[in-house]
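Single-structure report; data block below.
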Amino acid sequence: MSKANKTRWGKTIQSKDVQHDLKRTAILKTAARLFNQNGFRETSLNELAKELQVTKPTLYYYIENKEDILFQCLLTAITQMLEQTATIQNADLTGLEKLSRFINLFTSMFDDEFGRCLSRPGPDPLSNNYLQQIDPLYQQLDAAMRDIINSGIADKSIRNCNPKIIAFTIFGAINWMTKWYQVDGEMTTHEVADEMAKLFVHGLTG
């Protein structure tokens, strides 16, 4: 066998760990889509197995239970969100500019099945064991939003206001998108984000 053939062979063969991760990711993404479409409680592991064309026992090789699936979906989305939020916080921008970018970031999360899970179904269906692990991450996200607003008040790009109320209002408005936003609708998430950002920017500088 030539060296070139050996190279191509090496690139096409995946390790068992990689195969396991790919299959597990496929399970999580399919489950997230079903949770978003039908609801967490309304989606059974039997339905998930049927969608993936595997047996139900096969699922347990990759996940612990349905609750674990939702937890992993939420953990994936919120970890990515926090990492990107930290980049915004550290950017050389005014607080108002950071807030606008955060709104765009959070809204764009709804382009992704995992991201949509952050709002609906969200963490409410989880038991205390999982909630104790995921709640601090939601709190970090809320704290980051307030920090951005406070930085805007400090540099006077944002008028004096109550960061807690503003954060609740912005999160509420964006989370409500899961009730009306259609992925294949007339507006993209970025277009919606731009409109929301303009609305809040105008209100916070008036």
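The values are calculated or read from the model by the stated rules, or taken from the named source; none is laboratory data. Please read these numbers as outputs of a predicted model, since none were measured by experiment. For neighbour counting, all protein chains shown are included, and Cβ atoms are generated from backbone atoms with ideal geometry for every residue, glycine included.
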Out of the helices (runs of 4 or more DSSP H) lying entirely within the stretch 89-206, which hold 3 or more residues that are out of contact with any Gly (no Cβ under 9 Å at 6 or more places or on another chain) and charged (D, E, K, R)?
128-154, 189-205
Determine if the stretch 48-60 includes at least one residue that is more than 25 Å from GLN132 (Cβ to Cβ), among the small types (Gly, Ala, Ser), without any contact (Cβ under 8 Å) to a residue 40 or more places away in the chain and not in a helix (DSSP H, G or I).
no
Top-ranked residue in the stretch 34-64 [being among the small types (Gly, Ala, Ser) and surrounded by fewer than 14 Cβ atoms within 10 Å (Cβ to Cβ); ranked as farthest from GLN19 (Cα to Cα)]:
GLY39
Consider THR87 against the criteria (1) among the polar types (S, T, N, Q); (2) surrounded by 17 or more Cβ atoms within 10 Å (Cβ to Cβ); (3) at pLDDT 95 or above: it satisfies all of them except one. Which criterion is unmet?
(2)
Within the group LEU70, LEU82, LEU74, LEU99, which residue is out of contact with any Asp or Glu (no Cβ under 9 Å at 6 or more places or on another chain), within 24 Å of ARG159 (Cβ to Cβ) and either surrounded by fewer than 22 Cβ atoms within 10 Å (Cβ to Cβ) or of a type in the set (A, V, I, L, M) (or both)?
LEU99
Could you list, in sequence order, the residues of the stretch 164-188 that are over 17 Å from the mean Cα position of the chain (by Cα) and either modelled with pLDDT of 80 or more or of a type in the set (A, V, I, L, M) (or both)?
LYS164, ILE165, ILE166, ALA167, PHE168, THR169, MET187
